[in-house]
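Asks: This is the structure I have questions about; it appears just below.
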Amino acid sequence: MNAKERYYWDLTGYLVLRDVFPPEDVKAANEAIDYLGEVVQSEDKSPEFELLRERSRSSIENGILTRTTNSYPFFLTLPAPHCEPFRKMIALPAIVSRLNIMCGKGFRLDHGPQFIGGINSTKGGTLHGAGEPHREAVAYHHQNGKAYVGGVTVTFQLGESPTGSGGFACVPGSHKSKYPMPAGVRTQEDEMGAVAEPDLHPGDVLFFMDGAQTHGTHPWTADFERRSILIKYASRTATRSGISQPVAPPETYWDEELVEGMTEEQRAVMYGPYSNTGAHALRLDIGEDGVVYLEK
Ligand SMILES: O=C(O)CCC(=O)C(=O)O
């Protein structure tokens, strides 16, 4: 990561690198997405197809694949050669060299790869993130001349996504704003010109501070398809969701016998690590009566 990239990343909370993923790999990833779309819509009830449908939790709009889940890395399990472009993405030199600086050596894939697509009727989503409430697992901070963020999403662009067509949008600089975000910016009823929609082309890679920066999805308005693969990385000790989530309940993370008979407050501290628990879940506090309670 050079000094110019570091400056832009720190200033805005996102960074675009051009032409990182070669055209032949973009083509292979697009073919894999076409394959997934065919599997999801086929009548074939074979166990492999059923498993892929269940794991991918795909959405289809007008016969076109527009979204998959990010909770299981099923793209890495596709039959060869379809898994190969995604396996290539996860530890690409251009990604490793940036993530080592952004979230520190030892970063790991927390959830994804996820496909986010779009046709010209695909709806957008609300903007989210930016430390409201403060979430230590994904927060951005500086110490001893280094910056650090717990969660970074890396988006591989597989189709055209010029500014104005919709897709990824963010509020540059929101990861270090000192004041609460006006409601109209988040809902985009009065976005004050604060929202950016970066210009992205096939082969480009976008990094954004997932959780620290306010970001989201604009409705897709272009006549061509949106095609993005999002990979959600975390620093070594931040655990967000993905496979951590289903294994976190105390009965699974430890075992049933160990937590049997515990109060809900005791059970809360026995959960395994993951941070996407909602704003209050698993958070203990102490009432005026000195009694520990679980925030609702
Ligand atoms: O459409 C996008 O790329 C943004 C996705 C998003 O909001 C997220 O991954 O949290």
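Asks: From largest accessible area down, sort 255, 210; use a 1.4 Å probe on the protein chains. It would help to have the intermediate numbers written out before the result.
Replies: Values: 255 70, 210 10 Å².
I get 255, 210, largest accessible area first.
Asks: So, in nm, how far is label residue 254 from label residue 123 when the simple model puts each one 7 Å beyond its Cα toward the Cβ?
Replies: Result: 4.1 nm between the two label points.
Asks: Kindly flag which residue pairs out of 4/88; 232/296; 27/146; 105/296 have an alpha-carbon separation exceeding 32 Å in this structure.
Replies: On the way: 4/88 26 Å; 232/296 28 Å; 27/146 37 Å; 105/296 36 Å.
Listed pairs above 32 Å: 27/146; 105/296.
Asks: Compute the distribution of all C-alpha to C-alpha distances in the chain, in bins of 10 Å from 0, and list the percent of pairs in each, rounded to whole numbers.
Replies: Calculated P(r), rounded to whole percents: 6, 25, 33, 24, 10, 2, 0.
Asks: Quick one: Karplus J couplings for region 245-252, per residue in order, coefficients 6.51, -1.76, 1.60, θ = phi - 60°, nearest Hz, x for Gly and Pro?
Replies: Per-residue couplings from phi come out as 5, x, 8, 6, x, x, 5, 9 Hz.
Asks: Taking only the alpha-carbon positions of region 62-175 and ignoring solvent, what does the Debye formula give for the base-10 log of I(q)/I(0) at q = 0.14, 0.15, 0.16, 0.21 Å⁻¹?
Replies: With one equal scatterer per Cα and no solvent, log10 I(q)/I(0) is -0.77, -0.88, -1.00, -1.45.
Asks: What net charge do the residues around residue 3 carry, taking every other residue with its C-beta under 15 Å from that of residue 3, with Lys and Arg at +1 and Asp and Glu at -1? It would help to have the intermediate numbers written out before the result.
Replies: Values: positive: 4, 6, 98, 146; negative: 5, 10.
Value of the local net charge: +2.
Asks: Among 269, 195, 39, which one shows the biggest mean-square fluctuation in a GNM of the chain, springs joining Cα atoms closer than 10 Å?
Replies: Answer for the Gaussian network model of the chain: 269.
Asks: When only DSSP loop residues count, what GluC sites (Glu not before Pro) in region 12-94 have their Cβ near at most 14 other Cβ atoms within 10 Å?
Replies: Numbers: sites: 24, 31, 38, 43, 48, 50, 54, 61; in loops: 43.
Of the GluC sites (Glu not before Pro), the ones in loops of region 12-94 whose Cβ has at most 14 other Cβ atoms within 10 Å are 43.
Asks: Another question, if that's okay. Each residue of region 128-140 in turn: what ³J(HN,Hα) in whole Hz from Karplus with 6.51, -1.76, 1.60 and θ = phi - 60°, glycine and Pro shown as x?
Replies: Karplus values, whole Hz, x for Gly and Pro: 9, x, 5, x, 10, x, 4, 10, 4, 5, 10, 5, 10.
Asks: Moving on to the next point. Per-residue ellipticity at 222 nm for the chain, helices alone: DSSP H runs ≥ 4 residues times -39500 (n - 2.57), over residue total, nearest 500 deg cm²/dmol?
Replies: Details: 10 runs with 79 residues, N = 296.
So the calculated ellipticity at 222 nm is -7000 deg cm²/dmol.
Asks: Before anything else, pin down the relative contact order of the chain: Cα pairs under 8 Å, at least 6 apart, normalised by residue count, whole percent. Could the numbers behind the result be given before it?
Replies: Values: 575 pairs, mean separation 67.9, N = 296.
23 percent.
Asks: Sticking with this one: For region 167-236 and region 1-73, write down the distance between their C-alpha centroids in whole Å.
Replies: If we compute the Cα centre of each part, the gap is 17 Å.
Asks: How many percent of all Cα-Cα pairs in region 244-294 sit more than 16 Å apart?
Replies: Numbers: 545 of 1275 pairs.
Everything past 16 Å amounts to 43 percent.
Asks: Can you pull out the trypsin sites (Lys or Arg not before Pro) in region 53-109 whose DSSP state is coil and whose Cβ has at most 13 other Cβ atoms within 10 Å?
Replies: Here the sparse-neighbourhood loop sites are 105.
The values are calculated or read from the model by the stated rules, or taken from the named source; none is laboratory data. Source: prediction; values computed, not measured. We place every Cβ from the backbone using ideal geometry, glycine too, and count neighbours over all the protein chains shown. Side chains are part of the model used for accessible areas, which takes the heavy atoms of the whole protein and leaves out ligands, DNA and RNA. Shrake-Rupley method; radii C 1.70, N 1.55, O 1.52, S 1.80 Å.
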